[in-house]
Amino acid sequence: MIRLYNTKSLRTEEFKPIKEGHVSMYVCGPTVYNYAHIGNARPMVVFDVLKRLFEAEGYTVTYVSNFTDVDDKIIKKAQEENTTESVIAERYIEAYQDVRRNLNTELPDITPRVTETMDEIIAFIDELVKSGHAYVSGGDVYFSVDSVDTYGEISHQKMDMLEAGARVEENDQKRNPYDFALWKKTDLGIKWDSPWGQGRPGWHTECVVMINDNLGEMIDIHGGGMDLRFPHHENEAAQQEACHHNSLANYWIHNAMVNIDGEKMSKSLGNTLWAKDVIDNLGTNLTRWLISSVHYRKELNFSEETVETARKELDRVLTPVRQADVKSQMAGIETGSEYDEASWRAFLDQLDDDMNTPNAYTVIFDTVKKLNGALRQREIDWETAGKYRTSIVKMLDVLGITVKKPEVTDEDREIYQKWNQAKSEKNFEQADIYRRQLMEKGLM
């Protein structure tokens, strides 16, 4: 039984899909005007692990994550480079997809773009205007937050106590300061014809329509970073309530932010870490291990200390797996696909509890301990050792961490046998020579 913390209810709830055996999941994607930073990488990993968990528990998943390829920042960058918005968008979409691939994520099944959904967006806004939930003012179209009683149900804020620093523009065209733009008239940059004149859509409307268009009017899971809870997700839910009389998703899942050396990552502090650089420096496995080492609803800190701790932990897991692979091949034994069901179930049970990756790590370490014990036996029981080894690899796969079996040649086996023979004959000087040869090959 999978249980997830629902931001809407502020409770950890048993997951019950709309369609039995199937999960519909939408995670807000990037506005593509720059490269992905490590903060963008966290939801990539968090929701990839969630998808893999559902699959491990027997569900099928339809995973949708959009690209916002219409935005003032995209237009500004296109003008600065004297090119088109589509050129800018394509550059950063491909770069974003590269980060996903380099993080070993299972790519979203569908990646809709705003520019490809414009007719549906305009029709959705028109319906809100005609129903009285939106109004035209000065060529722009605004959503009336007063028109839905449920406004605030995602962020749990009262209209008179909305969170400080929220992106709310003072605008004389609005009836309420918290009304938000569905359509913006413009003479600058890319634009489309609409019943209200030429312009482009507002950010909060785009995601609602792409969800409706690709997954339907009600989905299981809507995810993203905690910074999207208000106003973006709140405004999405309000529009859906106005147009389709539901809150868009049954479960609203948000991951916490990423800090750098204990400080919030921001351009003003100059401490932005680009995801590509982190992956290049740490490698895919270590990056993912570090990201999942902290519960997804807690802030994640990137520092030399946390990286080194993660490195030691991952080595503690991968080293005995590698030893098992080398020793079994040296002995000419195939470990097979059998796994320890108790360990595997214990691992899934921890992840089923609101994706508790730190507790799941504890199960991995316990299984590693059992594998080490099996490998230390004078006569290794390969059936038992193989089960522990395979269990660990299965667990790591749910975390998106890959294990590559080393290749052992006949020459390697011959050196290994000579090493064992030299040890048995107490010829330690010769044994050290063979051991160094194996170490140089990465087999020790």
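Restricted to the stretch 368-444, the set of helices (runs of 4 or more DSSP H) holding at least 3 residues that are under 30 Å from Met44 (Cβ atoms) and in contact (Cβ under 8 Å) with a residue 24 or more places away in the chain comprises 382-398.
Among the residues of the stretch 5-16, count how many are touching a helix residue (DSSP H, G or I) at 6+ places or on another chain (Cβ under 9 Å) and more than 15 Å from Leu248 (Cβ to Cβ). Selection size over the stretch 5-16: 1. In this structure, does Met25 turn out to be surrounded by fewer than 21 Cβ atoms within 10 Å (Cβ to Cβ), among the hydrophobic types (A, V, I, L, M, F, W, C) and touching a strand residue (DSSP E or B) at 6+ places or on another chain (Cβ under 6 Å)? No; evaluated as a whole, the condition is false for this residue. Scanning the stretch 105-129 for residues that are more than 19 Å from Trp192 (Cβ to Cβ) and not in a loop (DSSP other than H, G, I, E, B) yields a total of 1.
Look at Thr390 and say whether it is closer than 30 Å to Asn281 by Cβ, at pLDDT 95 or above and among the hydroxyl-bearing types (Ser, Thr, Tyr).
no
In the stretch 221-239, the residue that is modelled with the lowest pLDDT out of those that are of a type in the set (A, V, I, L, M, F, W, C) and more than 18 Å from the chain's Cα centre (by Cα) is Phe230. Residue under question is Leu128, and the condition is that it be at pLDDT 90 or above and touching a Phe, Trp or Tyr at 6+ places or on another chain (Cβ under 7 Å); does it hold? In short, yes.
Of everything in the stretch 288-334 that's modelled with pLDDT of 95 or more and of a type in the set (Asp, Glu), which residue is surrounded by the most Cβ atoms within 10 Å (Cβ to Cβ)? Per the stated criteria, the residue is Glu313.
Let's see how each residue does on (1) touching a Gly at 6+ places or on another chain (Cβ under 9 Å); (2) within 29 Å of Lys8 (Cβ to Cβ); (3) of a type in the set (S, T, N, Q):
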position	(1), (2), (3)
Ala256	yes, yes, no
Thr272	yes, no, yes
Asp277	no, no, no
Thr284	yes, no, yes
Thr287	no, no, yes
Ser292	yes, yes, yes
His295	no, yes, no
Glu305	no, no, no
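Look through the stretch 335-376, keep the residues that are out of contact with any helix residue (DSSP H, G or I) (no Cβ under 8 Å at 6 or more places or on another chain) and at negative phi, and return whichever of them is surrounded by the fewest Cβ atoms within 10 Å (Cβ to Cβ). It comes out as Arg376. Only one of these is surrounded by 19 or more Cβ atoms within 10 Å (Cβ to Cβ), in contact with a Ser or Thr (Cβ under 6 Å, 6 or more places away or on another chain) and modelled with pLDDT of 95 or more: Thr68, Thr117, Thr105, Thr7. Name it. On inspection, the qualifying residue turns out to be Thr68. Scanning the stretch 278-313 for residues that are in contact (Cβ under 8 Å) with a residue 24 or more places away in the chain, of a type outside the set (Phe, Trp, Tyr) and outside any helix (DSSP H, G or I) turns up Ser293, Val294, His295, Arg297, Lys298, Glu299, Leu300, Asn301, Ser303.
The values are calculated or read from the model by the stated rules, or taken from the named source; none is laboratory data. No experiment lies behind these values; they were computed from the predicted model shown. When we count neighbours, we look across all protein chains shown, and the Cβ atoms used for this are built from the backbone with ideal geometry, even at glycine.
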